[in-house]
Amino acid sequence: MLAGLDLWQVGSSPPAFTRDALIGAARAFREPVSVVRESPDGRFGVAHGGRALRQDEVNGQPTFPLVATLPPLYPEWLGDRSFLEAHSVRFPYVTGSMANGIATPRLVVAMARAGMLGFFGAAGLSLASIGRGLDEIEGALGATGLTWGSNLIHSPNEPEIEAGTVGLFLKRGVVRAEASAFMALTPPIVRYAFSGVRRLPDGHVWRKNHVFAKISRVEVARRFLTPPPDAMLDKLVADGQLTAEEAALARVLPVAEDVSVEADSGGHTDNRPLVALFPTILSLRDEVAAKHRYDRPIRVGAGGGIGTPASVAAAFALGAAYVFTGSINQASLESGLSELGRQMIGSAGLTDVTMAPAADMFELGVKVQVLQRGTLFAARAQKLHDAYTTYDAIEAIPAAERERLEKEIFLVPLAEIWNGTRAFWMDRDPSQVARAEKEPKHLMALCFRWYLGLSSRWAIAGDPARRMDYQIWCGPAQGAFNDWVKGSFLEPVGQRSVVQMALNLLEGAATLTRAQQLRSHGLPVPAEAFRFVPRPLDS
């Protein structure tokens, strides 16, 4: 009830109490709507136009008891307004950085032009390839000032790659980085976060670079939400990688002011449910912000399992400042995945996913979630990890088992695999070869990682001879998305532009949010009002 206003007076059209009227009100969420009753104890209905008034203002026109008036609702407003302002975007929607360039420059550019934020999939690429991707993005966007970013993946086995990527980002002016797979803070991510930070004449702090910390664990989130360790800052200053002024400000600022909570997702994941994980991280944010007396907002976004309007609406209802998607974008037209790979993922069901050993953290036993349907990658990768944990060297593997691995997985003798692997690492990081030649178990790990690393590239290239070995990162959101779009224009993979997918998810989320608003004010909203069928939309 609006304060002091008791009645709704009929305007150009009377209120409606029918099922169709309630569904229509949910779908027309951009229009204000009043919730009225036929009488103090009568049916609830919806009314458009007219006006709210007090009892003493009645002038003979028909009136109805007024329950509430809902203002217009827009997809742009579903998240935190500070997110839109801080990053100069129109929508609180982000596409995550799918590795090995699956999140292509083309995808990033399409998102930027639609007023959203996309991250380039730099993980797994050489510095030269990353540079070419940045060239393509900058060439397409020019001096438009549109917003975009790139991935910075934690590389515990290749710290030089992580440091080199940060150096490239700083040199090229990449001001938004999605930090993924971090288990602890490293000097390169801290250097990136605080390079260029300064205090303005009016006293406000200006941060040149923005870290989007993708996390799924409380202890990792805490590291990004608090200032970095003094010892790390001192070392960065001593090495000339931060100035004394930058380090001084870093001691009172969080490493990241945008934290992306990643629930059950494709790729690296802890398989946590969003409804349990997100409130925990939100509470941690509030606790840390109060302790450190931050006067700048820290935004918490939600991802993992985001593949339907209902999941988007639920994430915003939990308090997400923005949502981010991953798995579903691999089937988009702008994805770097091959046509065959996109068709495979575009027909996946909710349960067609499984966990498999990760290439980049193979020795640590870290796993990634991948597509199971139509590929034997997960089972074959697990065989390799079992062999790695059982034996200390390739030569220690029983002859019959080694022969099976060569025949079923590698398709060539392991000696040939090592020759190719050695050449690769001599070019990328010769220290890995030196270590392998001293440590047989490490040599075995590098050979096994050859298969895990190339399996994702076979899917990107669409190698027909290796179809059964495709590694396609995929979470249950993909199956949910595929089910939602059945019978709509988005069902064919060839129609799935990343922008249309995003706009329909946001439009649907706004529809469901309005339906829930109406229901929360007593209206008997039909179930159909909570269903949104995708349709071509203009941004």
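Read-outs: derived from the displayed coordinates by stated rules, not from any lab. Source: prediction; values computed, not measured. Methodologically, a virtual Cβ is constructed for each residue, glycine included, from the backbone with ideal geometry; neighbour enumeration extends over all protein chains shown.
So the values come out like this:
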quantity	calculated
Per DSSP, loop GluC sites (Glu not before Pro) in the stretch 434-539 with at most 11 further Cβ within 10 Å	none
Candidates per trypsin sites (Lys or Arg not before Pro) in the stretch 319-425, loop by DSSP, up to 15 other Cβ within 10 Å	none
Overall Cα dimensions of the chain - principal axes, largest extent first, Å	95, 57, 41
About the Cα centre, charge dipole magnitude for the chain (Lys/Arg +1, Asp/Glu -1 at Cβ), debye	540
Lys, Arg +1 and Asp, Glu -1 on Cβ, resulting dipole of the stretch 343-471 about Cα centre, debye, nearest 20	260
Phi-based couplings in Hz for the stretch 294-302 (Karplus 6.51, -1.76, 1.60; Gly and Pro marked x)	5, 10, 10, x, 10, 8, 10, x, 10
Computed [θ] at 222 nm, deg cm²/dmol, the chain (DSSP H ≥ 4; -39,500 (n - 2.57); rounded to nearest 500)	-12500 deg cm²/dmol
Lysine-lysine proximity count for the stretch 343-471, Cα under 21 Å, sequence distance 8 or more or distinct chains	4
Per-residue ³J(HN,Hα) for the stretch 63-70, Karplus 6.51 cos²θ - 1.76 cosθ + 1.60, θ = phi - 60°, Hz, x for Gly and Pro	10, 9, x, 9, 8, 6, 10, 9
Point-charge dipole on Cβ atoms (K/R +1, D/E -1) for the stretch 1-143, about Cα centre, debye to 20	280
Amide H contacts of His210 (H built 1.01 Å from N, under 5 Å, at least 5 apart or other chain)	Arg176, Ala177
Relative contact order computed over the chain (Cα-Cα under 8 Å; 6+ residues apart), in percent	15
The stretch 260-339: trypsin sites (Lys or Arg not before Pro) in DSSP loop, at most 16 other beta carbons within 10 Å	Arg293
Those aspartates and glutamates that a straight Cα-Cα span of less than 15 Å connects to Lys235, excepting residues fewer than 8 apart in one chain	Glu245, Glu246
